[in-house]
Amino acid sequence: MSWIKLSRNITEWEWFNDGNTLRLWIYLLTRAQYKDTQYKGMVVRRGQFVASNRRLAEMLELSLN
(Lines give C-alpha, C1' and ligand atoms only; values in the text may rest on other atoms or scores of the structure.)
Protein backbone atom coordinates (compact mmCIF):
# COMPACT_ATOMS: atom_id res chain seq x y z
CA MET A 1 0.00 0.00 0.00
CA SER A 2 1.27 3.47 -0.77
CA TRP A 3 0.17 6.92 0.28
CA ILE A 4 0.43 10.59 -0.69
CA LYS A 5 0.85 13.67 1.45
CA LEU A 6 -1.92 16.24 1.21
CA SER A 7 -1.48 19.65 2.77
CA ARG A 8 -4.18 21.01 5.02
CA ASN A 9 -3.91 24.21 2.95
CA ILE A 10 -5.75 22.46 0.12
CA THR A 11 -8.92 24.08 1.45
CA GLU A 12 -7.44 27.46 0.52
CA TRP A 13 -6.76 26.38 -3.08
CA GLU A 14 -8.78 28.42 -5.58
CA TRP A 15 -10.21 25.25 -7.19
CA PHE A 16 -11.13 23.52 -3.93
CA ASN A 17 -14.86 24.27 -4.25
CA ASP A 18 -15.01 23.03 -7.85
CA GLY A 19 -15.88 19.40 -7.17
CA ASN A 20 -14.92 18.01 -10.58
CA THR A 21 -11.56 19.78 -10.65
CA LEU A 22 -10.75 18.68 -7.11
CA ARG A 23 -11.76 15.10 -7.91
CA LEU A 24 -9.63 15.07 -11.07
CA TRP A 25 -6.64 16.53 -9.23
CA ILE A 26 -6.84 13.92 -6.45
CA TYR A 27 -7.23 11.17 -9.06
CA LEU A 28 -4.10 12.41 -10.86
CA LEU A 29 -2.17 12.51 -7.59
CA THR A 30 -3.12 8.96 -6.72
CA ARG A 31 -2.40 7.57 -10.20
CA ALA A 32 1.04 9.15 -10.62
CA GLN A 33 3.98 6.72 -10.50
CA TYR A 34 5.94 6.67 -7.27
CA LYS A 35 9.01 5.25 -9.03
CA ASP A 36 10.28 5.19 -12.62
CA THR A 37 8.74 2.40 -14.72
CA GLN A 38 8.29 1.30 -18.34
CA TYR A 39 5.11 1.44 -20.43
CA LYS A 40 5.13 0.18 -24.02
CA GLY A 41 8.87 0.82 -24.31
CA MET A 42 8.57 4.34 -22.90
CA VAL A 43 9.99 5.48 -19.57
CA VAL A 44 7.32 6.80 -17.23
CA ARG A 45 9.05 8.81 -14.55
CA ARG A 46 8.13 9.25 -10.92
CA GLY A 47 5.22 11.71 -10.73
CA GLN A 48 3.91 10.86 -14.21
CA PHE A 49 1.36 8.47 -15.64
CA VAL A 50 -0.05 7.68 -19.05
CA ALA A 51 -3.67 8.57 -19.83
CA SER A 52 -5.72 10.29 -22.46
CA ASN A 53 -8.30 13.00 -21.87
CA ARG A 54 -10.96 10.58 -23.08
CA ARG A 55 -9.88 7.87 -20.63
CA LEU A 56 -9.78 10.33 -17.71
CA ALA A 57 -13.28 11.53 -18.60
CA GLU A 58 -14.53 7.93 -18.71
CA MET A 59 -12.92 7.00 -15.40
CA LEU A 60 -14.34 10.02 -13.60
CA GLU A 61 -17.64 10.14 -15.51
CA LEU A 62 -16.93 13.66 -16.82
CA SER A 63 -17.57 15.21 -20.21
CA LEU A 64 -14.78 16.41 -22.47
CA ASN A 65 -16.51 19.77 -22.99
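With the other protein chains left in place, how much accessible area per residue, in square angstrom, belongs to the range 24-65 at a 1.4 angstrom probe? Walk me through the numbers before you get to the answer.
Working: 3630 Å² over 42 residues.
The answer is 86 Å² per residue.
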Projecting the Cα atoms of Leu22, Ile4, Gln38 onto the charge dipole of the chain, where Lys and Arg contribute +1 and Asp and Glu -1 at Cβ, the residue farthest towards the positive end is Gln38
Ignoring everything except DSSP H segments at least 4 long, calculate the 222 nm mean residue ellipticity for the chain; use -39,500 (n - 2.57) per segment, divide by total residues, nearest 500. -9500 deg cm²/dmol
So which GluC sites (Glu not before Pro) in the chain pass both tests, a DSSP loop state and at most 13 other Cβ atoms within 10 Å of the Cβ? Glu14, Glu61
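How large a share of the accessible area of the chain, in percent, is made up of carbon and sulfur atoms when the probe is 1.4 Å and the other protein chains stay in place?
Values: 2960 of 6040 Å².
Reported share for carbon and sulfur atoms: 49 percent.
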Given H placed 1.01 Å from N in the peptide plane, which residues other than close sequence neighbours of Val44 have an amide H under 5 Å from its amide H? Thr37, Gln38, Tyr39
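Give me the net charge for the shell around Trp25: Cβ to Cβ below 15 angstrom, other residues only, Lys and Arg +1, Asp and Glu -1.
On the way: positive: Lys5, Arg23, Arg31; negative: Glu12, Glu14, Asp18.
Taking every Cβ under 15 Å from that of Trp25, the sum is 0.
The values are calculated or read from the model by the stated rules, or taken from the named source; none is laboratory data. The model shown is predicted, which means the values in this text are computed figures rather than measured ones. Here Cβ is always computed from backbone atoms with ideal geometry, including for glycine, and neighbour counts include all displayed protein chains. Side chains are part of the model used for accessible areas, which takes the heavy atoms of the whole protein and leaves out ligands, DNA and RNA. Shrake-Rupley method; radii C 1.70, N 1.55, O 1.52, S 1.80 Å.
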